[in-house]
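Colleague: If you scroll down you'll find the structure; I have some questions about it.
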Amino acid sequence: MKFRTLLAVPFIALSIVGCGSSASGGNGGGATLPTNTTVIKAIEGIAWDAKSYVATAVGGKVSITLENDSSLPHNLHLLDSNNVDVGLALSTQNRGDIKTDDFPLAPGTYQVICTVAGHGNMKATLTVK
């Protein structure tokens, strides 16, 4: 009986950790992502996993997911065609963190950046249709 109790405690702790969310409406690890989300992944080498992404606005909003597949913390900011931050951001701290939110974005082209110090080379393009 004691053996079963010890095994249950880590399982419960892992279940609670996996259900977390952030103030930005993010998903914890293992969450099911919306089918229309655009996944942008931070990878080792302080880089995004692609140079360009395409998103489709649904009801005037775009679903974006930031997935951290790196050992460093990252964030995701969008700059408009005038290089002005549109004020929408996602943030992750650890490898495996996944954050998703819906953003009101007009069709057009945006620059995807990470504003963490030393991550200036993390640049990609997001085209919203």
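Colleague: Condition first: open to solvent by 60 Å² or more (accessible area, probe 1.4 Å) and on the phi < 0 side of the Ramachandran plot. Now tell me which residues in the range 107-125 satisfy that.
Modeller: Our first condition is that a residue be open to solvent by 60 Å² or more (accessible area, probe 1.4 Å); within the range 107-125, this holds for 107, 109, 115, 117-118, 121, 123.
Residues satisfying the conditions are P107, T109, T115, A117, N121, K123.
Colleague: How many of the residues in the range 67-80 are in contact (Cβ under 8 Å) with a residue 40 or more places away in the chain and in a strand (DSSP E or B)?
Modeller: Applying the first criterion (in contact (Cβ under 8 Å) with a residue 40 or more places away in the chain) to the range 67-80 yields 72-75, 78.
Next, from what is left, pick out any that are in a strand (DSSP E or B): 74-75, 78.
Counting residues in the range 67-80 that are in contact (Cβ under 8 Å) with a residue 40 or more places away in the chain and in a strand (DSSP E or B) gives 3.
Colleague: Is it true that some residue in the range 15-24 is surrounded by 14 or more Cβ atoms within 10 Å (Cβ to Cβ), modelled with pLDDT of 95 or more, of a type outside the set (V, I, T) and not in a strand (DSSP E or B)?
Modeller: no
Colleague: Taking A124, is it under 20 Å from L33 (Cα atoms), out of contact with any helix residue (DSSP H, G or I) (no Cβ under 6 Å at 6 or more places or on another chain) and among the small types (G, A, S)?
Modeller: no
Colleague: Scan the range 45-61 and report the pairs whose first residue is part of a strand (DSSP E or B) and whose second residue is of a type in the set (F, W, Y), with Cβ atoms within less than 8 Å and a gap of 6+ or a chain change.
Modeller: That search, which allows pairs on different chains as well, returns K61/F103.
Colleague: Can you work out which of the residues in the range 54-92 that are of a type in the set (S, T, Y) and open to solvent by less than 20 Å² (accessible area, probe 1.4 Å) is farthest from V112 (Cα to Cα)?
Modeller: Of everything passing the filter in the range 54-92, S70 is farthest from V112 (Cα to Cα).
Colleague: Surrounded by 15 or more Cβ atoms within 10 Å (Cβ to Cβ) and within 15 Å of the chain's Cα centre (by Cα): is that true of V128 in this structure?
Modeller: Numbers: surrounded by 15 or more Cβ atoms within 10 Å (Cβ to Cβ): yes; within 15 Å of the chain's Cα centre (by Cα): no.
So V128 does not fit the description; no.
Colleague: Continuing with this model, one more query. Within the range 36-53, take every residue that is surrounded by 14 or more Cβ atoms within 10 Å (Cβ to Cβ) and out of contact with any strand residue (DSSP E or B) (no Cβ under 8 Å at 6 or more places or on another chain) and give me the one that is nearest to P107 (Cα to Cα).
Modeller: Here the residue is A47.
The values are calculated or read from the model by the stated rules, or taken from the named source; none is laboratory data. None of the values given here were measured: they were computed from a predicted structure. We place every Cβ from the backbone using ideal geometry, glycine too, and count neighbours over all the protein chains shown. The protein model used for the area step is the full one, side chains on, heavy atoms only, and it has no ligands, DNA or RNA in it. Shrake-Rupley method; radii C 1.70, N 1.55, O 1.52, S 1.80 Å.
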